[in-house]
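J.: Sharing a structure here in structure tokens format.
None of the figures in this text is laboratory data; all of them are computed from the coordinates on show. Everything numeric here is computed off the predicted structure, so don't read it as measured data. Positions of Cβ are generated from backbone atoms using ideal geometry, with glycine treated the same way; all protein chains shown enter the neighbour counts.
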Amino acid sequence: MEKISVTHELTCKKEYDIIVAGGGVAGVAAAITAKRRGKSVLLLEKSNILGGLATLGLVNLFVAMCNGRCKQIIFGLADEWIRLAGKYGYETISEHWRDGEPKEMITRRFTQRFSPYIFALQLTEMVKEEGIDLLFDCIASEPVMEGNHCKGIITESKSGREYYKAKMVIDVTGDADILRRSGMPTVSGRNFFSYFGFGITLESCKKAVETNNIMNAYTGGFAGGTIGLYGTGQPEDVPLYSGLTVEDVSDYLIRNQTTLLDRLKKDDPTSRDLTTIPLMPQFRTTCHIDGDYTLTMDDVYKHFDDAICAINDFDHRDVLMEIPLRAITKKGFDNLLTAGRCVSSEGYAWDMTRVIPPAIITGQCAAETAALAIDTNTPVAEVDIKTLQDRIASDNIMVHFPDEYLPEDTTHLEYAGDPNHK
Ligand SMILES: Cc1cc2nc3c(=O)[nH]c(=O)nc-3n(C[C@H](O)[C@H](O)[C@H](O)COP(=O)(O)OP(=O)(O)OC[C@H]3O[C@@H](n4cnc5c(N)ncnc54)[C@H](O)[C@@H]3O)c2cc1C
């Protein structure tokens, strides 16, 4: 096989305190939080809008941010954005949750379905109002490493290859692209055949008019692969996708797009239209770090001395967990860390950490850690935990869950669905 060697000499285009690689919800939260701590920030996004899976991926639902008994667990920017997301688009927060915790016990949890593209526009507005440098259509391609220290990021864009220096890099690509290439240990996952788009039908349009609610114009059923969270019904002839090679991603997209078209061919063309398909692969799990601590379901109800935030399960009442700093860092890598989908956790514990509300607040926690590490000239894994927790608490994030929220019996946990999600 022919081999070529490529050598590029790149001049540093600009230097930042913090580079945030990836403009999903975790990345935007990290960029805003770092900027509010007075840091210069470059936010790199490979697509054309912000929000990642929550917008491009059409996953337009803030899952529950409460313990299922009317106590809110997740605050911070997640609390601001769950409300903001309904400001210019449709809104589905239960009226009981609109002004804080419900006054009386209700079963309805604190969730919000939102218009993904309007929310994406709001994210762009926020990022620009904060004065963050944002580059769209720009891939964070390679970390420039000196041992385990990252000097900056090489980007690929219309401008070609460029080099940006940074004191800290937060990899929130969802795929740990930068951390994988930095040599940090990572763990890859497998994805079911899912590809859900939005469409309209004559029926759904009629319903929208009858209910005077445009949200009802969109309807499901416009899918390629239809396999949900627990993988039930995964077709035998379709592989489980890693999402980590160009061939794998392309096969996933081609199979899904042709499957969806085959379905559409069977319908009356005047009765419906496909309004949008996912603009990024709907992979839940591609790659996350093998950090200094890996969360499992054994950690439910555990307090950590180095907790950075408390989260709740979206599917089961009462289930609470704290995320330790060690789940977003790896000792020896002094200026690299992560958040969102790349947090070090496995099985169902990973499902708990990667959904939209925890992704937002772990993004904030990563930024607070990076900012403190710069202020104190300390590796990210060794920042003073008390100072960090104080800063995170000042962002209105719950660091430890209160023991009064624990159920009486914490020994019996049942998880529906995939038996691997223990
Ligand atoms: C099918 C499916 C259903 C889901 N359902 C729900 C749900 O109902 N509710 C819920 O809360 N969560 C749900 N989730 C999970 C949730 O959407 C995501 O885990 C969460 O949004 C992750 O946010 P993130 O910012 O960590 O990563 P991502 O959303 O993956 O964002 C990463 C961003 O980085 C960009 N990027 C990637 N690589 C690079 C690079 N090299 N350079 C520059 N930019 C890059 C991407 O374009 C993207 O914008 C679902 C996920 C899937 C796949």
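J.: Straight-line reach from K103: which lysines fall under 27 Å, measuring Cα to Cα and dropping same-chain residues less than 8 apart?
T.: K71, K87
J.: Under a Cβ-Cβ cut-off of 11 Å, what is the net charge of the residues other than C70 that fall near it, where Lys and Arg count +1 and Asp and Glu count -1?
T.: +4
J.: Please work out how much length the chain gains when fully extended from K207 to D251, using 0.36 nm per residue of separation minus the C-alpha to C-alpha distance, in nm with one decimal.
T.: Full-extension gain reported as 12.2 nm.
J.: Which net charge results for the neighbourhood of N48, defined as the other residues with beta-carbon distances under 13 angstrom from its beta-carbon, given Lys and Arg at +1 and Asp and Glu at -1?
T.: Around N48, the charge tally is 0.
J.: Once R0 is set to 30 Å, what does the formula 1/(1 + (r/R0)^6) return for the Cβ-Cβ distance between T410 and T376, expressed as a FRET efficiency to the nearest 0.05?
T.: 0.25
J.: Pick from M145, M105, M184: which is most flexible by mean-square fluctuation in a GNM of the chain where alpha carbon atoms under 10 Å apart are linked?
T.: Checking each option, the largest mean-square fluctuation is seen for M105.
J.: How far is the Cα center of the range 300-379 from the Cα center of the range 243-290, in Å?
T.: Measuring centre to centre over Cα atoms gives 30 Å.
J.: Using Cβ contacts closer than 10 Å as the measure, can you line up V59, V6, V380 from fewest to most?
T.: V6, V59, V380
J.: Oh, and also: Find how many whole Å separate the alpha carbon centroid of the range 1-65 from the alpha carbon centroid of the range 146-198.
T.: 8
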